[in-house]
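Worksheet for the structure shown next.
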Amino acid sequence: MKKHLLLSLLLLAGLRPAIAQEPLETAIKKKDWTTLATLFSDQTHQQLIVYFKDCLGVGFSLLRQDDLMYFARFKEFAEIGEITFERDGDTYRQLSLKRNLKPLYFVDHFSRTVMTERTVSMGDAVIHFKNGVMYRGMPMGNVFVFCGDWEFSIRPESEEERLTLLSQVRSDTFVKEAQAGVFVFSQPEFMDDLPPPTAVRELADGEAKLLYDIFQQKWGMHIPFFNELWYFPFALDFNTAVFYRKPGKSFYRYVFSSGISPDTSLVMLPENKFYLNYNAVKGLKFTSQGVDELENLQLNIFYNPQVEFLSATAVLNFKEPSSVKTVSLDSSLVVKGYGKSQQHELQLFNRADTYFLLGQGLNKFSFYYAGSVKPGGDAADMIRINTDDSDDRKREHYFILNRDQDFYPNPGPHFFKNRVKITLPAPLQCLVTGELRSQQTLGERNEFVFESPGSKGVSLVCGNFTQLLTIPSRVPIRVFGLAKLKLSNYFDVADIQGCFDFLLDKFGPLEVKQLNMLLRRREEYGGLSNQGFVIFNLLDKSGFINDEMSITRRMRKESPVVFDDVNRDNLVHELSHQWWGGIISWKGYQDQWLTEGLAEFSTLFYLEHHVAENQYRKAIASANKWVFRCNDAGPIAYGRRIANLSNDMLTYQSIVYDKSALVFLMLKEILGEEEMLKRLRELLNDYKYQSLVSTRFIQNICQGDVILHKFFNGWVFSRLLPEVSYRVVIAGPNAEIVFSQSNTDFVFPVRVRITTAVGETVRTLVVEDKEQKFKLTEKSPIRSIEVDAGVSPIKLND
């Protein structure tokens, strides 16, 4: 994919005519080897003769004064490379030819074959060609276009994916009949015994042409010298099928490639709705090398948010050298210049917001860029519930640039060290990811320097706020907001300090020496957390309802993530992201439950320690209610895909926030509080400033415990909720409790309250098998036993 994009960027970078090298180009194009020899003072031109003698066509673009990029078209393939040389008066010498991109393929005609009753398998999918004509793109050979009656069907081996299909198409098998389709087959032997084909130049079917255009836009690169498309070779095990849902509108793209993870996907575009996304083939999968992972970013910015102008220089140091580096930069920002490494010349190309830098052993380069950049809106997860239609004029306007906006050359969601110097028009203030190192006023501008030992991207916020106070927590909290903001209307200072000190005590120290917190009055519930600073919404209730209890009740009813005190619960969640997101984070969408689940767990964990038992139980009951209501949407490991399929953020929050939080509460019941916290702190220390996949996290938490692995496999990777029955038999001081799961074989804790003549005791029992018996003994006769699901989202029946 990277090479595919690279070629597109090369071609769209604005190919410049190589006027200064016209004699050399002309001799190569005409294969005038006699003239070519006269242009050189040495014999290095011989390699041009050897290379271009079988070439059917060539185009050139001037990279530098002594560097030509060539586009060479051969009979069966194509290549792109460089010709470098020295000048000796009117002659050339010391020529070097490098084949940078090879091989490339193309389709210049089709072989046409009538086909009936052929079946091809692609992973779990079956493609049945009933009756029609198959066009094979030549000389490429593995691209096919079918016109006629055919059927695509897939019944996933994965039980979870079958459940997803049931909810989306009311069947555990996806079936679609079509009249045209475009395919890439890794093993096209299914055509070997067909009659000899005939050659044609174009496709005859209109619907097939539209699908082929879609295929070309996705994988083909237009070569202006030849007015044709070139393709990078597809992986040996790559297969795809593209077909319509509604011709001219939505279409499906199915991909099966056994060596990557996930290896099977079915998505409807342009809606980007993922019907399927899983591994049909088990075992070791390809993991791309981290050649684009950043080691360090130095960013120097001037930003005037009031006129939406930004200019900056950025110096990027990567962890590993490579010949190609890829970064994203917002398309409204234009690169004005870029630096060269000390060892090699560099070349920069772009297409839209993606930039590619070419060079040998490349691990460092710099950008200078400028342009218009709009401040971002609040992120989707930030606005958790809107209590009323708000008047935008009442809002406090701050300007946010987050890492997803690519306001700096962004290599992707990796952790890296960074130093950011930002200059703003006075009197604007600024908070940036990391820790403030210096601050000064220079005439009519304010300058700030922030540094971070490791953050997952860089974000910033600026505006007319001021520092209100510093809270003397173990890590001091600098609180910012408008000067007229009365913090006492929302929080006692001791409450903020208590929340943060609680998290510091449970999860361990932070590497930053202070935390910056910007408070905003809002009519929405939420916040945004970056390493070293938090933007936190204070729920402004004065503008719409005076009855605070009515607001709380309404929000509890309408939001999965509101439990008790709205502002306090939200504060704990956002502060906890300094650890879960700020120190370790998720790798892919399947792993998002790690940070959001642990942040929501932190909120419930705090409530357990700081509110009355009945309030805590109400919070657990609320989380359970939302889980039971939305659980059919998918397992926790679906992450953002839940919102993708359901188009509902509340459903996403119910599973990825609430259910994940309950999983961690169950884990605490199983391991005990101290042991669980010990393992979490070890994880934070061992994987500091890394993004984790779920399996790595689970492996480290389980520490080889088979039962814990079973626990996570059930609760994270399945959408089932246990339906549990139990029976209790009491005989004097002895009792027997038998638990039976009708639909699962999960691990979960339950709480048992035992009443005797002496008093009451509460025990936690851990159910580990589909049917399990517990024997209990007390010192005096047992009067009664009550079984409670506690924090476990199970359906419990006696």
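According to the square roots a ≥ b ≥ c of the eigenvalues of the Cα gyration tensor, what is the shape class of the stretch 667-745, taking rounded for a/c under 1.5, prolate for a/b larger than b/c otherwise, and oblate for the remainder? Because a/c hits 1.5 or more and a/b fails to exceed b/c, the stretch 667-745 counts as oblate.
Here the chain is described by how far its Cα atoms reach on the three principal axes: 111, 78, 48 Å, from widest to narrowest.
Within a straight-line Cα-Cα reach of under 21 Å, LYS773 can be paired with the following lysines, leaving aside sequence neighbours fewer than 8 residues apart in one chain: LYS710, LYS795. From most to least packed by mean Cβ count within 10 Å, the peptides 595-605, 262-272 give 595-605, 262-272. By the Stokes-Einstein formula, at 0.692 mPa s and 37 °C, the stretch 159-315 with its Kirkwood radius over alpha-carbon pairs has D equal to 166 µm²/s. What translational diffusion coefficient, to the nearest whole µm²/s, does the stretch 701-798 have by Stokes-Einstein, given a Kirkwood radius computed over alpha-carbon pairs, a temperature of 4 °C and 1.567 mPa s viscosity? Approximately 91 µm²/s, per Stokes-Einstein. At q = 0.20 Å⁻¹, what is the base-10 log of I(q)/I(0) for the stretch 393-534 according to the Debye formula with one equal point scatterer per Cα and no solvent? Please give it to two decimals. So the normalised log intensities work out to -1.40. Each peptide in 366-373, 195-202 gets a packing score, the mean of other Cβ atoms within 10 Å over its residues, and the list from highest to lowest is 366-373, 195-202.
Here the sum of -39500 (n - 2.57) over DSSP H runs of 4 or more residues, divided by the residues of the chain, equals -7000 deg cm²/dmol at 222 nm, to the nearest 500.
Per-atom-type breakdown for the stretch 651-767 gives carbon and sulfur 48% of the accessible area (1.4 Å probe, protein chains only). By its C-alpha gyration tensor, with a ≥ b ≥ c as the square roots of the eigenvalues, how is the stretch 180-265 shaped: rounded for a/c under 1.5, else prolate for a/b larger than b/c, else oblate? Verdict is rounded for the stretch 180-265.
Mind putting a number on the dipole of the chain about its Cα centre? Charges go on the C-beta only, +1 for Lys and Arg and -1 for Asp and Glu, and I need it in Debye to the nearest 20. Don't skip to the answer; put the middle values down first.
Details: 92 positive and 97 negative charges, 114 e Å.
So the magnitude is around 540 debye.
Can you give the FRET efficiency to the nearest 0.05 for ALA204 and LYS249, using r as the Cβ-Cβ distance and R₀ = 35 Å? Before the final figure, lay out each step's value.
On the way: r = 22 Å, r/R0 = 0.64.
FRET efficiency, ALA204 to LYS249: 0.95.
Working note: Debye formula, equal point scatterers on the alpha-carbon atoms of the stretch 20-60, no solvent; log10 I(q)/I(0) at q = 0.23, 0.24, 0.28, 0.33 Å⁻¹ is -0.72, -0.78, -1.05, -1.33. Equivalent ellipsoid of the stretch 578-652: semi-axes from √(5λ) of the C-alpha gyration tensor, largest first, are 24, 19, 7 Å. Here LYS176 is the anchor, and the aspartates and glutamates within straight C-alpha reach of less than 20 Å, apart from those fewer than 8 places off in the same chain, are GLU117, ASP124, ASP149, GLU151, GLU157, GLU161, ASP205, GLU207, GLU271. Against the empirical curve 2.2 N^0.38 Å, the C-alpha radius of gyration of the stretch 566-705 lands at a ratio of 1.01. Expressed as a whole percent, the accessible surface of the stretch 416-518 that belongs to carbon and sulfur atoms is 45, based on a 1.4 Å probe.
Remark: the chain carries 43 Å² of accessible area per residue (probe radius 1.4 Å; ligands, DNA and RNA excluded).
What FRET efficiency comes out for GLN440 versus ARG753 if R0 is 56 angstrom and r is the Cβ-Cβ distance? Round to the nearest 0.05. Efficiency, from the Cβ-Cβ distance: 0.35. With the simple spin-label model, which puts each label point 7 Å out from Cα in the Cβ direction, the LYS513 to LEU236 separation comes to 5.6 nm.
Using a cut-off of 29 Å between Cα atoms, the listed pairs LYS325/LYS417; LYS506/LYS618; LYS421/LYS506; LYS102/LYS273 include LYS421/LYS506; LYS102/LYS273 as exceeding that distance.
In this structure, the amide hydrogen of LYS364, modeled 1.01 Å from its nitrogen in the peptide plane, lies closer than 5 angstrom to those of PHE318, counting only residues at least 5 positions away or on a different chain.
The values are calculated or read from the model by the stated rules, or taken from the named source; none is laboratory data. In this text the structure is predicted, and so the values were computed from the model without any measurement. Neighbour counts are summed over all protein chains in view; Cβ atoms, including those assigned to glycine, are modelled from backbone coordinates with ideal geometry. Just so you know, the surface numbers come from the protein's heavy atoms only, side chains and all, with ligands and any DNA or RNA stripped out. Shrake-Rupley method; radii C 1.70, N 1.55, O 1.52, S 1.80 Å.
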